[in-house]
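> Got a structure here, written out as structure tokens. Questions coming.
The values are calculated or read from the model by the stated rules, or taken from the named source; none is laboratory data. Quantities reported herein were computed from a predicted structural model and do not represent experimental measurements. All Cβ positions, glycine included, derive from the backbone under ideal geometry; neighbour counts span all protein chains shown.
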There are 2 protein chains.
Amino acid sequence: MTRTNSVDRALRERAEAVIPGGMYGHQAVGLLPEDYPQFFSRGEGARLWDADGRELLDFMCAYGPNLFGYGNPEINAAYVRQMEIGDTLTGPTALMVELAEAFTGMVGHADWAMFCKNGTDATSMAMVTARAHTRKKTIVMAKGAYHGAAPWCTPRRVGITPEDKANQIFCDYNDVASLEAAVAAAGDDLAAIFAAPLKHDTFIDQVLPDPEYANRARALADESGALLVVDDVRAGLRIARDCSWSTVGVEPDLSTWGKCFANGHAISALLGNNKARNAAAHIFVTGSFWYQAAPMAAALTTLKLVRESDYLERIDVLGLRLRDGLAERASAAGFGLRQTGPVTMPLFLFDDDPDLRKGYCWSSAMLERGVYVHPFHNMFLCAAMTEADIDLALDAAEGAFKVLQGAAPTLAPIEKLAFLLA
Amino acid sequence: MTRTNSVDRALRERAEAVIPGGMYGHQAVGLLPEDYPQFFSRGEGARLWDADGRELLDFMCAYGPNLFGYGNPEINAAYVRQMEIGDTLTGPTALMVELAEAFTGMVGHADWAMFCKNGTDATSMAMVTARAHTRKKTIVMAKGAYHGAAPWCTPRRVGITPEDKANQIFCDYNDVASLEAAVAAAGDDLAAIFAAPLKHDTFIDQVLPDPEYANRARALADESGALLVVDDVRAGLRIARDCSWSTVGVEPDLSTWGKCFANGHAISALLGNNKARNAAAHIFVTGSFWYQAAPMAAALTTLKLVRESDYLERIDVLGLRLRDGLAERASAAGFGLRQTGPVTMPLFLFDDDPDLRKGYCWSSAMLERGVYVHPFHNMFLCAAMTEADIDLALDAAEGAFKVLQGAAPTLAPIEKLAFLLA
């Protein structure tokens, strides 16, 4: 059956007229296979329906926010209940205090919380707080790490000035010598060391944190008086019920959170320890909707589910089932498939596939079989997934590997990904 | 009756432990009179209830977002309906296209729209778009104008580097010669002229835009190839059903929107004309929740109410009734009260009141009478207000002027506002 995607095509045409480039940001499908839908019509549990009504088992989870299932009834009920009482008001409600108490009660290093809307708000606040605390400027970060899309951190240089990117020194993730060199290069001007909880850059294999690297980052920050920041916006709550680096025994001074802690409702957070409290109290950051109460109600319910349910153990088991099952099927079909990162945040890349033509072909065949996987960005599992869903994905994968076997010898280059070969 | 504010006090104490400084941002009440509540418990229509359950007629409207009444049933129903279908998904829904069509259909200069979460997101995108379009760096802005709280624009310097504020030249609002000098100082590096739709800085009288200034800004941008940006985040939809500078006959290239166009649900926007489209299509900006569909549903309903109701004419009439009534009562009580800005966004400042001690006394007396006014920030009217509400506020004002008459001779200095005297 050839799908026409006619509703999606029509929406793209209308979007082209009123949205620059037809779509922008991380959900623009310009770099995805042609058959990937741009627009969706519905979400429920682990499933999405695209604009043409096709049902898809979704391994992107909205790029992270969907942790307990799209439209989770308990979380949405908490949202609606609070929305009807009061949401965006002339000041915060008691829920802001309750949420700060709940979050800091759960995250080991955290003594305080500040809430905002974007993950980028949280990482920007972390940077400003570190500079306020140290009265120094330089931020050390890993090359290729994504910390948001504000001028100081956006990965694309269009419209960005050299001054926007000033006072930054880059190291290689997990490379202790490179981290030491970056810190040395900062001289006596080090304000913060930023760290992703794992290397989760697009287009390349994910890499878990080396405990030696994490511990060295902590020690270097302590020696210089700089703050250590773990950017847990993407990985938070899919690795631990605490900051993700708690799993390697390292506590940061600041951690940034977003995406899933209100299960897709708009709220992010900066958490910090007492060392950074005074600085955080003196910076000026705010937003029109930062104090709205309904997302805080949703976050309180989400954090309760985090604390009281076995969601993390369940998505770990599901992720392992997926990883093992895929490895077996890839191997049986004669493909080298690299599955990297935590099993709850997998990334799949084929061996000998520099411009992703195999990955494209396989992902499209998965989509055709009703399973949405991403060919070059890490994916996410959610607690609404079941063993039957994983088995459905594995069945789809078996079929997709067969498609790839047939197509592999004659796959055309992916023109739009030619930059990967450079 | 002496109020204890006991619930508010208890919440502040708990907040002090888990939120830096107890509260941050524009809704922190640190600079307000001591009896102002920090926490609220409910909102409905034009009314708020503070954490202690006191009912207040609210002239802050959540600092703008409340345009059609807190908890507007029609707008909230649209929100909930869409939330249940699908909200934060792996891509946008058709609502994003519909909203871009609706918004650009309403705003004269706009050919396209990009949606985001914070007003600051929109102003930051405007800056980056202008730099991408011109391949130049300098932004001309008016001194004291608020364009958000990112490092490049936050009004407080704590944690901010000189590089964060690089490539900015300041002029005086409404001063053509000063604007011309700023543009001349930019040389051949002018990327954008930013303009607030009116001078709505805190602590000082508001000033409406001089059409000569607005026209000169347009001409200077055109002569240099720079973009003209009107930051309508605060004033949008309370002055016109179009960009606010349409009322002085000037169309910008970019305009920024937020706060009220989804009546308090979290969404902001950058609108632009075709000149800026290509640049906007090539910058990289995004956020985890920027494509969520429920706030777009709320925005579509809000914009429908904007187009199809007489809300603007009604709040104009109410604002005029308030202004005239207050002028009369202030004068009768022997006070010079300066009421500035559009009647839908009033600011009240007393003559001969450099550290606002009169304003503080009067505002506290208004609060005591159940009316929430702000002593130094512009306020907002909403369409849920009635003539009876205005009359209630005027009765309260009469009483508050009497209190001030009694207290004026012995008012103590406001220590925390001593900086205003410097």
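> Go through region B:66-84 and report how many residues are charged (D, E, K, R) and facing chain A (nearest Cβ under 7 Å).
1
> Which members of region B:66-84 meet the condition of being in a helix (DSSP H, G or I) and either at pLDDT below 95 or out of contact with any Gly (no Cβ under 7 Å at 6 or more places or on another chain) (or both)?
Within region B:66-84, B:P73, B:E74, B:I75, B:N76, B:A77, B:A78, B:Y79, B:V80, B:R81, B:Q82, B:M83 meet the criteria.
> Let me ask something else. Can you name the condition, by its number, that A:A327 falls short on among (1) assigned to a helix (DSSP H, G or I); (2) facing chain B (nearest Cβ under 9 Å)?
Of the numbered conditions (1) assigned to a helix (DSSP H, G or I); (2) facing chain B (nearest Cβ under 9 Å), the odd one out for A:A327 is (2).
> Could you please give the count of residues in region B:23-48 that are surrounded by 20 or more Cβ atoms within 10 Å (Cβ to Cβ), assigned to a strand (DSSP E or B) and touching a Leu at 6+ places or on another chain (Cβ under 7 Å)?
3
> Any chance you could count how many residues in region B:284-297 are of a type in the set (A, V, I, L, M, F, W, C), buried (at least 24 other Cβ atoms within 10 Å of the Cβ) and within 10 Å of chain A (Cβ to nearest Cβ)?
The number of residues fulfilling the criteria is 5.
> For A:E180, work out the one condition from (1) part of a loop (DSSP other than H, G, I, E, B); (2) touching a residue at least 40 places away in the same chain (Cβ under 8 Å); (3) not hydrophobic (A, V, I, L, M, F, W, C) it doesn't fulfil.
For A:E180, the failing item is (1).
> B:N273 passes all but one of (1) within 30 Å of B:V317 (Cβ to Cβ); (2) touching a residue at least 60 places away in the same chain (Cβ under 8 Å); (3) in contact with an Asp or Glu (Cβ under 8 Å, 6 or more places away or on another chain); which number fails?
(1)
> Does any residue in region A:321-345 that is farther than 21 Å from A:C260 by Cβ come within less than 8 Å, Cβ to Cβ, of a residue that is in a loop (DSSP other than H, G, I, E, B) six or more places away or on a different chain, and which pairs are these?
Once the first residue is farther than 21 Å from A:C260 by Cβ and sits in region A:321-345, its partners that are in a loop (DSSP other than H, G, I, E, B) give A:A330/A:G336; A:F335/A:D351; A:G336/A:D351; A:G336/A:D352; A:L337/A:D351; A:R338/A:D205; A:R338/A:D351; A:Q339/A:P346.
> For B:M345, are the conditions met, namely being at pLDDT 95 or above, outside any helix (DSSP H, G or I), surrounded by 21 or more Cβ atoms within 10 Å (Cβ to Cβ) and in contact with a Lys or Arg (Cβ under 6 Å, 6 or more places away or on another chain)?
yes
> Residues being in a loop (DSSP other than H, G, I, E, B), in contact (Cβ under 8 Å) with a residue 40 or more places away in the chain and at the interface with chain B (Cβ under 9 Å from one of its Cβ atoms): count how many of those fall in region A:130-169.
Residues meeting the conditions: 3.
> Now for a different question. Hey, can you tell me all the residues within region B:95-128 that are more than 7 Å from chain A (Cβ to nearest Cβ), closer than 18 Å to A:G21 by Cα and not in a helix (DSSP H, G or I)?
Passing the criteria: B:A110, B:D111, B:F115, B:C116.
> Something else about it: Does A:D87 count as facing chain B (nearest Cβ under 8 Å), part of a helix (DSSP H, G or I), within 21 Å of B:D87 (Cβ to Cβ) and in contact (Cβ under 8 Å) with a residue 40 or more places away in the chain?
In short, no.
> Which residue out of A:A77, A:A51 is more than 22 Å from A:R234 (Cα to Cα) and assigned by TED's automatic domain parsing to the domain that holds A:P155?
A:A77
> Could you say which residue among B:F376, B:F419, B:F350 is modelled with pLDDT under 95 and either aromatic (F, W, Y) or on the phi > 0 side of the Ramachandran plot (or both)?
Exactly one residue qualifies, and that residue is B:F419.
> So which pairs qualify, if the first residue must be in region B:27-38 and without any contact (Cβ under 8 Å) to a residue 12 or more places away in the chain, the second must be part of a loop (DSSP other than H, G, I, E, B) and of a type in the set (G, A, S), the Cβ gap must be under 9 Å, and the two must be at least 6 apart or on different chains?
B:A28/A:G91; B:V29/A:G91
> A follow-up question, please. Hey, does region B:242-252 have a residue that's surrounded by fewer than 24 Cβ atoms within 10 Å (Cβ to Cβ), modelled with pLDDT of 95 or more and within 14 Å of chain A (Cβ to nearest Cβ)?
No: region B:242-252 contains no residue that is surrounded by fewer than 24 Cβ atoms within 10 Å (Cβ to Cβ), modelled with pLDDT of 95 or more and within 14 Å of chain A (Cβ to nearest Cβ).
> For region B:50-65, which positions are at the interface with chain A (Cβ under 8 Å from one of its Cβ atoms), over 18 Å from B:Q339 (Cβ atoms) and either of a type in the set (A, V, I, L, M, F, W, C) or assigned to a loop (DSSP other than H, G, I, E, B) (or both)?
Those that are at the interface with chain A (Cβ under 8 Å from one of its Cβ atoms), over 18 Å from B:Q339 (Cβ atoms) and either of a type in the set (A, V, I, L, M, F, W, C) or assigned to a loop (DSSP other than H, G, I, E, B) (or both): B:A51, B:A62, B:G64, B:P65.
> Look at region B:187-203 and say how many of its residues are within 14 Å of another protein chain (Cβ to nearest Cβ) and either outside any strand (DSSP E or B) or at pLDDT below 95 (or both).
Qualifying residue count for the region: 2.
> Further, regarding this structure: Looking at A:R238, A:R314, which is the one that is of a type in the set (K, R) and either crowded, with 19+ Cβ neighbours inside 10 Å or outside any helix (DSSP H, G or I) (or both)?
A:R238
> Moving on to the next point. Go through region A:204-235 residue by residue and tally those that are over 22 Å from the mean Cα position of the chain (by Cα) and assigned to a loop (DSSP other than H, G, I, E, B).
Of the residues in that region, 2 qualify.
> Among (1) at the interface with chain B (Cβ under 9 Å from one of its Cβ atoms); (2) among the aliphatic types (A, V, I, L, M); (3) within 30 Å of B:V7 (Cα to Cα), which single condition is A:A15 missing?
For A:A15, the failing item is (3).
> Then there is this: Consider only pairs whose beta carbons are under 6 Å apart and that are at least six residues apart or on different chains; among these, list those whose first residue lies in region A:405-422 and is touching a residue at least 60 places away in the same chain (Cβ under 8 Å) and over 16 Å from A:E34 (Cα atoms) and whose second residue is among the hydroxyl-bearing types (S, T, Y) and part of a helix (DSSP H, G or I).
Matching pairs, first to second residue: none at all.
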